[in-house]
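A.B. asks: Pasting a structure here, questions to come.
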Amino acid sequence: EQADPLTIYLSSIRNHPILDAENQQKLAIRYKTENDLEAAQLLVLTNLRLVVKIAREYKRRWTDLLELIQEGNVGLSEAIQRYDPYRHVKFTSYAQYWIRAMILNYLMNHFQPIRIGSTRAGRKLFYNLKKARAQLQQEGHANPTPALVAERLGVSEQDVIDVSRQLDAPA
């Protein structure tokens, strides 16, 4: 019996060590100052598990994890090209932003029965729903209502309900 592509991919990325922030920084500097493509490749290979970890956060029953990983890898490549190693931000912290952005963009463009990504408020809601809920919980609202979240984000309560249904669908 042959292993599925996801299993093969996951076992192959385990062969690459995880580098600490200092070594990642050195590779980033080598890539920026010397255009060292080997350093960039090492940064990619040693951060593929980060992409998988983030992709799993966005996995839903109607998505394919490999597709999310592929989009995350595009984000990782974008991060390497744009990263400024002299700004005192860890590469992995910077890369997470780009990985999430590419995955969320992919989800918004491919898996919305309701096109929430077509309006500015819809995009804002899609990107910020979980963050707004977490902030409200920290402020003492144990289970923030859609109305409260909608008020915080400046969108309609119905939009919050619709998007919540999409994002909270069981995996």
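A.B. asks: May I ask you to list the lysines whose Cα is less than 25 Å away from that of Lys59, ignoring any residue fewer than eight positions away on the same chain?
C.D. replies: Output for Lys59: Lys124, Lys130, Lys131.
A.B. asks: What is region 1-113 by shape, rounded, prolate or oblate, if you read a ≥ b ≥ c off the alpha carbon gyration tensor as root eigenvalues and call it rounded for a/c under 1.5, prolate for a/b larger than b/c, and oblate otherwise?
C.D. replies: Verdict is oblate for region 1-113.
A.B. asks: Rounded to the nearest 0.05, what FRET efficiency is calculated for His88 and Gln2 with R0 set to 35 Å and r the Cβ-Cβ distance?
C.D. replies: Numbers: r = 47 Å, r/R0 = 1.33.
So, using R0 = 35 Å, E works out to roughly 0.15.
A.B. asks: Here's another thing I want to ask about it. Could you identify which residue out of Lys131, Lys32, Lys59 has the top mean-square fluctuation in a GNM of the chain using Cα springs shorter than 10 Å?
C.D. replies: Lys131
A.B. asks: Can you show me the helix-derived [θ] at 222 nm for the chain, built from DSSP H runs with n ≥ 4 at -39,500 (n - 2.57) apiece and divided by the number of residues, rounded to the nearest 500.
C.D. replies: Working: 9 runs with 118 residues, N = 171.
So the helix-based figure for the chain works out to -22000 deg cm²/dmol.
A.B. asks: Just subtract the alpha-carbon distance of Ser11 and Gln81 from 0.36 nm times their residue separation and send over the number in nm, one decimal. The partial results should precede the final answer.
C.D. replies: Working: separation 70, 0.36 × 70 = 25.20 nm, distance 2.66 nm.
Net length gain for the segment: 22.5 nm.
Rule-based calculations on the coordinates, nothing more; no lab input. Keep in mind that this is a model prediction, so the values were computed, not measured. Virtual Cβ from ideal backbone geometry, glycine too; neighbours counted across all protein chains shown.
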